[in-house]
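Every number here is computed from the coordinates shown, using simple stated rules; none is lab data. Because the structure is predicted, anything quoted here is derived from the model rather than measured. Note that each Cβ is placed from the backbone with ideal geometry, even for glycine, and that neighbours are counted across all protein chains shown.
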Amino acid sequence: MNIQIIAIGKLKEKYLKQGIDEYLKRLSSYAKVDIIELPDEKAPEQISPQEMELIKNKEGERILAKIPTDAYVIALAIEGKMKSSEEFAHSIDKLATYGKSKIAFLIGGSLGLSKEVMKRADEALSFSKMTFPHQLMRLILLEQIYRAFRIMRGEPYHK
Ligand SMILES: C[S@@+](CC[C@H](N)C(=O)[O-])C[C@H]1O[C@@H](n2cnc3c(N)ncnc32)[C@H](O)[C@@H]1O
């Protein structure tokens, strides 16, 4: 399986980088995982809704340009559908069964994902009603993808 994580913003924190590298290493026996990091737009402190849309659209264009045409697209969004880890594992397994071997996960910047990006997404996945920093979201997503593969293969994982 080919997995892309397309994310806005540069990963700055060393401790997150270490965690991400660890999960990329663990995942390497299950899937090819690539992280595509895209530059964010600088947003002023005070921002109008119109300016916010403009910034989201600019970042969105960058994301859209990176999505492979044949990828199944999962946008990470607070208002998306929540799943248990088992349900998530099952949905990944189902995609593979139906020949969808390329999955692109999208993570927005501090303003979130644009409407155009959400339109391109095949599904929106929520990790809870809480807002996580986009850099931390990468690590949480990788852990859940790793967990999903362990569940799919019937291998032990932490409950
Ligand atoms: C700091 S959040 C953006 C917050 C923004 N106000 C919004 O409502 O989308 C940055 C990105 O992290 C991801 N994210 C943060 N919390 C999330 C959650 N609970 N579930 C799914 N994705 C989340 C989303 O992709 C989001 O675009």
### Query
Does the stretch 99-110 contain any residue that is within 23 Å of Gly60 (Cα to Cα), surrounded by 20 or more Cβ atoms within 10 Å (Cβ to Cβ) and over 11 Å from the mean Cα position of the chain (by Cα)?
yes
### Task
Check whether at least one residue in the stretch 80-87 is surrounded by 18 or more Cβ atoms within 10 Å (Cβ to Cβ) and either among the aliphatic types (A, V, I, L, M) or within 15 Å of the ligand (Cβ to nearest atom) (or both), and report yes or no.
no
### So Lys119, is it in contact with an Asp or Glu (Cβ under 9 Å, 6 or more places away or on another chain) and surrounded by fewer than 14 Cβ atoms within 10 Å (Cβ to Cβ)
no
### Query
What tally of residues in the stretch 57-75 results from selecting those that are touching a strand residue (DSSP E or B) at 6+ places or on another chain (Cβ under 6 Å), over 24 Å from Arg153 (Cβ atoms) and either within 11 Å of the ligand (Cβ to nearest atom) or assigned to a helix (DSSP H, G or I) (or both)?
5
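Taking into account only those residues within the stretch 15-29 that are of a type outside the set (Ser, Thr, Tyr), out of contact with any strand residue (DSSP E or B) (no Cβ under 8 Å at 6 or more places or on another chain) and closer than 15 Å to Pro133 by Cβ, which is nearest to the ligand (Cβ to nearest atom)?
Across the stretch 15-29, the extreme among qualifying residues is Leu16.
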### Query
Of the residues that sit in the stretch 111-120 and are over 13 Å from the mean Cα position of the chain (by Cα) and assigned to a loop (DSSP other than H, G, I, E, B), which one is farthest from the ligand (Cβ to nearest atom)?
Ser114
### Task
Tell me which residues, restricted to the stretch 128-159, are within 27 Å of Glu45 (Cβ to Cβ), among the hydrophobic types (A, V, I, L, M, F, W, C) and either in contact with a helix residue (DSSP H, G or I) (Cβ under 8 Å, 6 or more places away or on another chain) or surrounded by fewer than 17 Cβ atoms within 10 Å (Cβ to Cβ) (or both).
Met130, Phe132, Leu136
### Task
Quickly run through the stretch 98-110 and pick out the residues that are within 15 Å of Tyr30 (Cα to Cα) and either near the ligand (Cβ under 6 Å from one of its atoms) or not in a strand (DSSP E or B) (or both).
Ser101
### Query
Of the conditions (1) in a helix (DSSP H, G or I); (2) in contact with a strand residue (DSSP E or B) (Cβ under 8 Å, 6 or more places away or on another chain), Thr131 fails just one. Which one is it?
(1)
## Note on the structure
A careful count of residues in the stretch 1-15 that are among the β-branched types (Val, Ile, Thr) and more than 17 Å from the chain's Cα centre (by Cα) gives 0
### Query
List, please: which pairs have Cβ atoms under 8 Å, are six or more places apart or on different chains, and start with a residue in the stretch 72-85 that is within 19 Å of Gly109 (Cα to Cα) and end with one that is more than 10 Å from the ligand (Cβ to nearest atom) and β-branched (Val, Ile, Thr)?
Val73/Ile67; Val73/Ile103; Ile74/Ile103
